Every structure is written in structure tokens, then in C-alpha cells.
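Undergrad: One structure is given below, represented as C-alpha cells, and several questions about it will come after.
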Amino acid sequence: MPQDAHATGSADPAEVYDVIVAGAGFSGLFLLHRLRSAGFKVLVIESGGGVGGTWYWNRYPGARCDVESVDYSFSFDEGLQQEWVWTERYAGQAEIRRYLDHVADRFDLRRDIRLNTRVDAAHFRSDTADWLVHTSDGATLISRFCIMATGPLSSIKPPDFEGLADFAGQWYHSARWPQEGVDFTGKRVAVIGTGSTGVQIIPTVAKLAEHVTVLQRTPNYSIPARNRPMSKEELDEVKATYADRRVRARMAASGVPNPPVLEPGEGVPEDEKRAHFERGWAIGGVVGILRAYSDIITSTEVNESLARFVRDKIADTVHDPVTAEKLTPRDYPLGAKRLCVDSNYFETYNRPNVTLIDVNADPIVRITPRGIQTATGHIDVDIIVFAIGFDAITGAVKEIDIRGREGLTIQDHWREGPKAHLGLAVNGFPNMFLMTGPGSPAVLGNVVTFLEQQVEMIATILEMVRSDGARTIEAEQEAENTWAAHVQEIASQTLFMKGKSWFIGANIEGKPVGFLPYAGGLVRYHAECEAMVEAGLRGFSLTK
Ligand code: N01
């Protein structure tokens, strides 16, 4: 694409790009590789001090993926998937970071990545049909296209507990963990939050700390990961059939390849269902349980069978019946809040150095210099860990001062709730694309499979725009509204809406409530994207 067409007055020609990508996580790395290979001049801007996105920031103890490593990895390059050696069934944070560092080196990506730099603002200029991008190092860059690969779970929910500023100990948010780590040895620790993150932190820290007090607001369903080392034989077998495995992943709603056939559970006798769940429990992980039947997330009957099964497992595992009851979710369907996958989570409550407090019964009143004051007493602690989650899917995009046509801000456009055509592009914001945006399916399955599909789709669109000679491409309002309605319609057919979770924005005060991801699954989503492309970029308008 010619550069000088949109270079202006003071701009350094070297700082004019075809595509600027915000974020160097899985999405940003693959976007850079894919678009650079297609001849676009690309720059990736990353606020972290290294590549990896969520895996750069979430270095808390116990951080581990809960999709199997061999699937939670790029499929776009046969050499890469053949040479990389995964050492565990579920990769830990450090191993995933090593993998992404390897990807960055192997494909020579680093020369087009600017680290320790934030995209502060991106303003569209209608006269030159490009974006002015302002970064935290004071630079102003120009780009024809902007892609927000800022991550669905990267904008943290900050702890806003009264008195926190006076706390004399150390405190950490799980997703802003210090590079040098935290020494928990012999420390009295409080953990607030029992989502996927807390469920990983608590067993790990309990092994090191003198005492751990868990402050729980909502109990979670959690299933055992059954993590284990990968044997060479197992890895060799995967590698011998990788191509087939990847095809099966793309053909599955969740982007994970097995099991191949899913039957509905409705009407299946209870003892038969339980036997099936028992097999899944033994296999471990989401593949084992959530996909025991095709209708777990749509049938109240089947969901309740599985929920009862998990509740019984909690009762069997946790010795103290009062603690077991506190840990048992009873008032929302399994999966309506994201299902957790753990290593000895419930078992940890049998340790003498772990105490559970239900903050509904005994609310946190304030943080004091020495610890946490609850309604009934004071907990003395040295360290507080906040595993309280994220402003999911839209938070990181809204942190940037994004202005589209006529100065329209993304915050204003999404005031009533976020909308994006196929989760990819927003009306009023020409030449801008979103990765894992609202209305895209990524967070409801294997995000790596999903994001590869989205990167390919965005690359296809940009290539079409380039061959067309168009200056701008923009999602049409009607297409955006139609997709947003479809996203809610599909969600309403599931049990997802019945949990107060980040899936629906319920974890952030004032956030409009509505289902954020697309629950139709990868296959259906991909078919919708293909149909859009085949119909000549249906739902987008192009200008010359
Ligand atoms: O965040 P969450 P997360 N007082 O929002 C509680 C991915 N992930 O970081 O449920 C007391 O799920 C809150 O309570 P409640 C994964 O997609 C993946 O754990 O709102 N408690 C909840 O218990 C996941 O879903 C992996 O009542 C407060 C917790 O904090 C997503 O990231 C690992 C509170 C927040 O849970 C987010 O997970 C980790 C308050 N004021 C994360 N505010 C793997 O792949 C919040 N809470 C394994």
C-alpha cells in the first residue's frame, strides 16, 4: 500500500504504517506475522515489557492454562508445532511465555514490536482516511488501519476497598504480579476472589504460607484438571496426527478437538448420566466434563444433574461439612459463571492453615493497616491478594481514547452496550478492527483456535480492501445491530444469562448488562464470517 498518500506534514515517513496493532499477546503476534507476510507494513505496540499479553501479566502462583497445551498453541505453521515440546498436559504460565518468546524469535517478529509502550489514543481522520495513534512515549504515528488486540481479560478490576491505602503490608492484583515474584514463606495471606484465578492461587499459596484466609463471595463449580507431565510417546502421537487434530478443533464449537461426538443428555436416566460424568471427572479438565453431553449449557435438567454431581464431589472431598457447604454453589447453573479447573482446590480446605470466610455472611468492612476488618472480627495479614477479575471484553478497548468519524468516542457508541459487526468492526470507526471483541466467541472455548480464525478473517478483509483500492471500510449500522441482536438471541437459548458473571458484565458496577461473547460456537461463527466474505463483505461499506 502506498505510504506517502497519507503521510502528513510533520510525520516521520518511517512512522507511517498500513496497520498498527495494539497488544502483543497471542493475537498480536499472529496478526503481525500474517499481515506482514501479506505485504502490509505493521507495527505492534505493547504496554508490557515482553510479549505474551495475558501470559505476560498473569504470573501469579499457580497460573496455568486449562486448555490442553497441544491444543492451546498456534496451528498456522507445521514446523512450529512439530518442533515445540510441551512438557505438561496443561502448560504453566512460564512455559507459555517461553513458547510465545520462541514464536516471536522464530518468525522474526520483535523488530516490529514496540514494548513498554501503551496506545493512549487513536483518532480517525476522515480527510486522509487514516488513524493518528498517540503512544505513551510521546510518539504520534499514522496508520491506515488499527487493530485492537488488547485482550478480552486484560483490563483489571481495581480493588476499591476502603482503607486499602493505609494497609501496611503488601497487596497485589493477580493480573499485575511483580516480575520478581512474591515470597509467601511463613506469611499470613488473605485471598479475595474465588474465580478461575483464585482457584489456582489458593492451593499454591497454601503450601507456602503460614496461613491463608480465603474471602469468598460466590462459590464456584470447579473440576479437577488432572495435570501431569507429557510423555514423549504421547507428544509424538499428537504430532503425528496434528493436522487432523487441528481440523477437528476447527470443526468443534469450542475449538477443542475431542470428543468427536456429543449426544444430548436430556431424557438419559440419572444413573447413566452420573456414570458418564464420573468418567469425565476421572479424565479431568473441561473436555472431560462440560462436553459429556451436548446440552449441558442449554438444558436445565442436564445442567442440574451435572451440578448435583459436582456438589456431591465437594461434599465428599471437604472434611468439614460447614466449610463444604460454604464452598457449594447452589443458586446458578454450572457454566453460567465460567467453570473453574483446579489442582487440589477443594482438598486445600482440609489443610489446617486454610480458613474460608463467606463474605455474604461476614462482610468485609474495611482494610486496616494490619489486615481486614469483617463484620465479626479482624483478620491479621501480611499480604492481600486480589483475584477479583477484569472489565472483560470491552474494558481494554475503552481504556484507549478511541475516536472515530466526527469525533465519536467508543465509550459513547457503547454507552447502552457494546456492538460490533461479527464482533470484528464498529459502525462509526472506519478501518478499525477488534480481536476477541464483543459478539465474538473467543472466550467460550479454546481462544487460540478462535483467534487464528479471526486473524485470518481480518487479513482476508484487509486483502480484499487493498485489491479493491478502497480508502475505508466500515461496519454498517444495520449489520452491527443485527449481529448484536443475534448474539443476545443465541445467549437467551442458553443458561449463561443465569449467572452474575463477567460474561454479562455483571461484575463491573455500572456496566450495561448483556451477553458479551457469541455463544453460537466456532463453527457457526466461522460460517457467518465466510458468508460475509462470499457476499462481498456483506454488512461493511467501502469508500474509494
Ligand atoms: O476473575 P473472575 P478471575 N469482594 O471475575 C470475586 C480467565 N482465566 O481472574 O463471583 C469479594 O472470574 C468474585 O466474586 P463474585 C477465565 O476466563 C483463565 O478469576 O463476583 N469478592 C469472584 O469470585 C476466567 O473466567 C484461567 O461474587 C469479589 C472473583 O473475585 C477469567 O480469566 C485462569 C469482589 C473474580 O472472579 C477471570 O478469572 C485464570 C469483592 N468486592 C483466569 N469483587 C485459566 O485458563 C470480585 N470478587 C486456567
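Undergrad: Just give me the residues in the stretch 208-234 being in contact with a Ser or Thr (Cβ under 9 Å, 6 or more places away or on another chain) and not in a loop (DSSP other than H, G, I, E, B), in sequence order.
TA: Of everything in the stretch 208-234, those that are in contact with a Ser or Thr (Cβ under 9 Å, 6 or more places away or on another chain) and not in a loop (DSSP other than H, G, I, E, B) turn out to be H211, V212, T213, V214, L215, Q216, S222, P224, P229.
Undergrad: While we're here: Condition first: within 13 Å of the ligand (Cβ to nearest atom) and of a type in the set (F, W, Y). Now tell me which residues in the stretch 163-191 satisfy that.
TA: Of everything in the stretch 163-191, those that are within 13 Å of the ligand (Cβ to nearest atom) and of a type in the set (F, W, Y) turn out to be Y172, W177.
Undergrad: Further, regarding this structure: Examine the stretch 206-226 for a residue that is more than 9 Å from the ligand (Cβ to nearest atom), under 24 Å from A307 (Cβ atoms) and open to solvent by 10 Å² or more (accessible area, probe 1.4 Å), and state whether such a residue exists.
TA: Within the stretch 206-226, the subset more than 9 Å from the ligand (Cβ to nearest atom) is 206-214, 221-224, 226.
Cutting the leftovers down to under 24 Å from A307 (Cβ atoms) gives us 214, 221-224, 226.
Among the residues that remain, those that are also open to solvent by 10 Å² or more (accessible area, probe 1.4 Å) are: 224, 226.
For the stretch 206-226, residues more than 9 Å from the ligand (Cβ to nearest atom), under 24 Å from A307 (Cβ atoms) and open to solvent by 10 Å² or more (accessible area, probe 1.4 Å): present.
Undergrad: Suppose we filter the stretch 130-161 for residues that are under 29 Å from G505 (Cβ atoms) and without any contact (Cβ under 8 Å) to a residue 12 or more places away in the chain; how many remain?
TA: Number of matching residues: 1.
Undergrad: Would you be able to say whether some residue in the stretch 148-162 is in the same structural domain as R405 (by TED's automatic domain parsing), more than 16 Å from the ligand (Cβ to nearest atom) and in contact with a helix residue (DSSP H, G or I) (Cβ under 9 Å, 6 or more places away or on another chain)?
TA: Yes: one or more hits.
Undergrad: Just checking, which of G514, G499 is within 19 Å of the chain's Cα centre (by Cα), within 16 Å of the ligand (Cβ to nearest atom), among the small types (G, A, S) and open to solvent by less than 40 Å² (accessible area, probe 1.4 Å)?
TA: Sole residue among the options that is within 19 Å of the chain's Cα centre (by Cα), within 16 Å of the ligand (Cβ to nearest atom), among the small types (G, A, S) and open to solvent by less than 40 Å² (accessible area, probe 1.4 Å): G499.
Undergrad: What number of residues within the stretch 41-67 satisfy the criterion of being open to solvent by 40 Å² or more (accessible area, probe 1.4 Å) and either acidic (D, E) or in a helix (DSSP H, G or I) (or both)?
TA: Going through the stretch 41-67 one residue at a time, the tally reaches 2.
Undergrad: Could you list, in sequence order, all residues of the stretch 276-297 that are closer than 14 Å to R308 by Cβ, out of contact with any Leu (no Cβ under 8 Å at 6 or more places or on another chain) and not charged (D, E, K, R)?
TA: Listed by number, the residues that qualify are H276, W281.
Undergrad: Is it the case that some residue within the stretch 428-443 is more than 16 Å from the ligand (Cβ to nearest atom), under 25 Å from G510 (Cβ atoms), outside the structural domain of V191 (by TED's automatic domain parsing) and assigned to a strand (DSSP E or B)?
TA: Taking every residue of the stretch 428-443 in turn, at least one turns out to be more than 16 Å from the ligand (Cβ to nearest atom), under 25 Å from G510 (Cβ atoms), outside the structural domain of V191 (by TED's automatic domain parsing) and assigned to a strand (DSSP E or B).
Rundown of residues vs (1) surrounded by fewer than 16 Cβ atoms within 10 Å (Cβ to Cβ); (2) in contact (Cβ under 8 Å) with a residue 24 or more places away in the chain, yes/no style:
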{"position": "A243", "(1), (2)": "yes, yes"}
{"position": "M251", "(1), (2)": "yes, yes"}
{"position": "V256", "(1), (2)": "no, yes"}
{"position": "G265", "(1), (2)": "no, yes"}
{"position": "A275", "(1), (2)": "yes, no"}
{"position": "G285", "(1), (2)": "no, yes"}
{"position": "R291", "(1), (2)": "no, yes"}
{"position": "E301", "(1), (2)": "yes, yes"}
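Undergrad: It is to be established whether one or more residues within the stretch 180-194 are in a strand (DSSP E or B), surrounded by fewer than 22 Cβ atoms within 10 Å (Cβ to Cβ) and among the aromatic types (F, W, Y).
TA: Residues of the stretch 180-194 in a strand (DSSP E or B): 188-192.
Among the residues that remain, those that are also surrounded by fewer than 22 Cβ atoms within 10 Å (Cβ to Cβ) are: 188.
Pick out the ones that are also among the aromatic types (F, W, Y) and you get none.
The answer is no, given that none of the residues of the stretch 180-194 is in a strand (DSSP E or B), surrounded by fewer than 22 Cβ atoms within 10 Å (Cβ to Cβ) and among the aromatic types (F, W, Y).
The values are calculated or read from the model by the stated rules, or taken from the named source; none is laboratory data. As the structure is a computational prediction, the values presented were derived from the model and not from experiment. Glycine also receives a Cβ, built like all others from the backbone with ideal geometry; neighbour counts cover every protein chain displayed. To get the accessible areas, we keep the full protein, side chains included, count just its heavy atoms, and leave off ligands, DNA and RNA. Shrake-Rupley method; radii C 1.70, N 1.55, O 1.52, S 1.80 Å.
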